[in-house]
Amino acid sequence: MALTATEPVASIEALKAAKDKLTKAFAGVEREAVTEYVRTKYNEEIASHNFDETVTEALKEKINDTNSPALENLIEEHGKIRGISEKIKFVNNLENITGVAEDKLEKALLESYDLPNKQDALVTLANKQNTTIDNIESYDNVPEDVKTQLKALTLVAKTVNQDVDQVNTDALSIKRSADKISDSLIPEENRKRFYDRISTNLLNNNLLENLVTSVDDKIVDLNNSIVSPEKNLELKAILLNANNEKDVEDFAKLLDSENEKVRLDKVIKEADEFLADGEFDSNFAEIPEIKTLKSVLAESKQASLETPIRPAKDLKAQKEKLIEALNNAKMASAIKLVRDKLKALINNESGLSAPLKERLLDKIKPQNAPGLAELANSEILLNQIINNIKEVKNTALLDQDKERLANNLIDNYSDNAKQKALINFAKSIDNNIKEAKSNLENLNIPNDVKDKLISNLSSFDEDSLAKAKEHVLSAKDLENFINDSVFIPEESRDLLMKKISENKANNENLKTLINDFSDLIKEVNNLTLPKAKKVEISNEILSKANLEEAKAYLESISWKFNLEHEVFNNVPKTILDELGGSDKDVAIAEYLNNLTKLNINNLSNAKLKEFFKEFKN
């Protein structure tokens with residue numbers, strides 16, 4: 001079994017006991033011969049260890065004649081040699097303690113020949129060095145030159161607790177740096193350049209670890225970026241060639257710029273598509289916001305193509321400028337589209353007069369409806385007001401009243417309640433007009449009077465409307481009065497109908513006048529005159545402005561004395577006095593007037609009366 005640094009050497013008491021035993025064993029033998037025999041055996045034993053020649057000779061020297069002349073000396077030294085030999089064997093079996101290091105350790109052990117505790121310390125140190133070197137060799141991805149340096153530092157260590165432990169600590173730190181790289185997101189094929197930068201300079205390694213952490217962070221950012229796969233590979237190559245934190249910072253700026261460029265290019269594409277879609281409208285290009293968009297778009301394309309790439313903040317500012325221009329253009333285009341649609345709605349409405357259209361068009365001008373929200377509201381209001389105007393146009397109101405009411409509706413453009421009130425009022429007027437037309441339809445009064453009566457019903461004033469209704473009723477009442485007046489000749493009624501007015505007072509005056517003329521006309525009707533003559537006289541009476549004029553007219557034609565005789569001049573007055581105004585009496589007068597051969601004018605009154613009596617019978 002191999003001797004370790006902590007195994008005790010044979011005690012002095014044991015050696016003495018062995019010596020006494022030998023002494024007794026060799027009792028009677030010549031002491032010198034025994035001594036040489038033992039020396040020879042010890043030398044053979046030393047040689048059998050196959051130590052380095054220097055070590056072998058040094059050990060043999062301990063039991064030569066000079067250093068161990070007596071048997072007791074030999075036995076004592078043999079114990080020491082056996083102890084140190086086991087330690088040398090142990091050291092020689094340490095895989096990593098070789099060459100010069102091994103020679104130095106053997107020399108140190110030999111120099112501590114009489115100091116077993118120091119020998120133990122040397123063996124413990126060697127064992128720790130060997131273990132440390134084993135650990136170093138096991139560390140993956142640590143550069144070989146770094147391992148060599150660590151092993152060298154281990155082999156020159158003089159103490160376990162300070163030197164070797166420090167090397168071990170440093171080695172673990174270096175291993176951590178290597179592990180940091182191997183555990184990173186850096187592709188395996190790109191890690192070597194980072195491994196190669198590992199050194200025994202721990203400060204440098206800390207910087208390297210920080211660099212790896214930064215590169216890892218940027219790999220994540222790159223993987224989460226919006227750049228194309230081709231650009232991703234290009235940028236990753238730049239990142240993996242970073243040598244320090246500044247390189248990583250520069251890469252971060254580059255990545256930010258590339259991301260902003262992608263965002264800018266996306267908006268550029270959207271703007272191009274928007275402009276292409278808008279070309280169908282001939283007026284599209286004339287919109288100021290479209291012109292601005294085209295200008296900003298040209299700037300943006302130039303910014304996107306510039307090399308080296310612009311800073312991210314510049315590209316972002318350009319993108320935001322383009323977005324604003326695009327949004328403004330979209331809004332302006334949408335506003336124009338809606339405004340044009342509303343213009344067409346107004347202009348294509350055949351029921352609207354030019355002034356009404358102009359007023360409605362004014363409602364959707366930019367100063368009155370600047371945005372989409374206002375235009376959307378205007379569309380609702382326009383449809384509503386146009387429908388209301390159509391309702392007005394479908395009423396029986398006069399055209400000028402329809403126009404007037406339509407203007408009133410526009411005056412209350414945003415007030416639906418007032419518009420409804422106006423529509424309801426228009427409907428009530430419409431009902432009044434229809435009722436009036438129904439009342440006037442069969443009346444034999446002048447059409448212009450009918451029109452005026454209906455026109456008066458279009459009044460928007462409640463009092464005026466009530467008066468207009470009274471005028472209509474007065475006209476109807478007067479017409480009925482004329483038709484019901486039996487004393488007025490049928491042939492004279494048309495004349496009176498023409499005098500019916502759209503004014504109630506005038507109609508009442510005319511009615512009074514007809515009543516005043518009635519006695520005169522009755523007297524005319526009682527005259528023995530042809531019907532045509534009666535109608536002629538009645539018409540003349542009815543044409544007079546008042547009763548006095550009518551009486552004056554009758555006096556002027558001597559109607560009570562000689563009018564009958566003038567008409568029937570062949571009929572004696574005595575007979576005419578016997579006749580009345582009936583159709584029969586008038587027929588008799590006409591008959592007698594034509595019998596000129598009878599010459600009845602020469603008869604006396606008595607004879608005439610007798611003749612008329614017989615003739616009548």
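The values are calculated or read from the model by the stated rules, or taken from the named source; none is laboratory data. Fair warning: this is a prediction, and the values are worked out from it, not measured in the lab. As a convention, Cβ positions derive from the backbone with ideal geometry for all residues, glycine included, and neighbour counts pool all protein chains shown.
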> Could we say that E286 is over 22 Å from L337 (Cβ atoms), loosely packed, with under 13 Cβ neighbours inside 10 Å and either in contact with a His (Cβ under 6 Å, 6 or more places away or on another chain) or of a type in the set (D, E) (or both) here?
Replying inline: no
> What number of residues within the stretch 550-568 satisfy the criterion of being more than 12 Å from T528 (Cα to Cα), surrounded by 13 or more Cβ atoms within 10 Å (Cβ to Cβ) and either of a type outside the set (A, V, I, L, M) or in contact with a Cys (Cβ under 9 Å, 6 or more places away or on another chain) (or both)?
Replying inline: 2
> Which is at pLDDT 90 or above, over 30 Å from D272 (Cα atoms) and loosely packed, with under 15 Cβ neighbours inside 10 Å, of E358, E403, E320?
Replying inline: E358
> Can you find a residue in the stretch 350-371 that is within 21 Å of the chain's Cα centre (by Cα), of a type in the set (G, A, S) and not in a loop (DSSP other than H, G, I, E, B)?
Replying inline: no
> What number of residues in the stretch 390-420 are β-branched (V, I, T) and in contact (Cβ under 8 Å) with a residue 40 or more places away in the chain?
Replying inline: 1
> Could you list, in sequence order, the residues of the stretch 158-178 that are crowded, with 19+ Cβ neighbours inside 10 Å and over 21 Å from N204 (Cα atoms)?
Replying inline: V164
>> Quick test of your reading of the structure: I136 fulfils all but one of (1) in contact with a helix residue (DSSP H, G or I) (Cβ under 9 Å, 6 or more places away or on another chain); (2) in a helix (DSSP H, G or I); (3) under 29 Å from H78 (Cα atoms). Name the failing condition by number.
In response: (3)
> In the list V123, V38, V55, which residue meets the criterion of being in a helix (DSSP H, G or I) and closer than 27 Å to D170 by Cβ?
Replying inline: V123
>> Can you pull out every residue in the stretch 476-528 that is touching an Asp or Glu at 6+ places or on another chain (Cβ under 7 Å) and either over 28 Å from L576 (Cβ atoms) or β-branched (V, I, T) (or both)?
In response: M497, I500, K504, T528
> Here are some conditions: (1) surrounded by fewer than 13 Cβ atoms within 10 Å (Cβ to Cβ); (2) in a loop (DSSP other than H, G, I, E, B). K313 meets all but one. Which one does it not meet?
Replying inline: (2)
> Looking at this structure, is D183 exposed (fewer than 15 other Cβ atoms within 10 Å of the Cβ), of a type outside the set (F, W, Y) and either within 41 Å of the chain's Cα centre (by Cα) or at pLDDT 95 or above (or both)?
Replying inline: yes
> Which of the following residues is assigned to a helix (DSSP H, G or I) and surrounded by 15 or more Cβ atoms within 10 Å (Cβ to Cβ): S333, S295?
Replying inline: S333
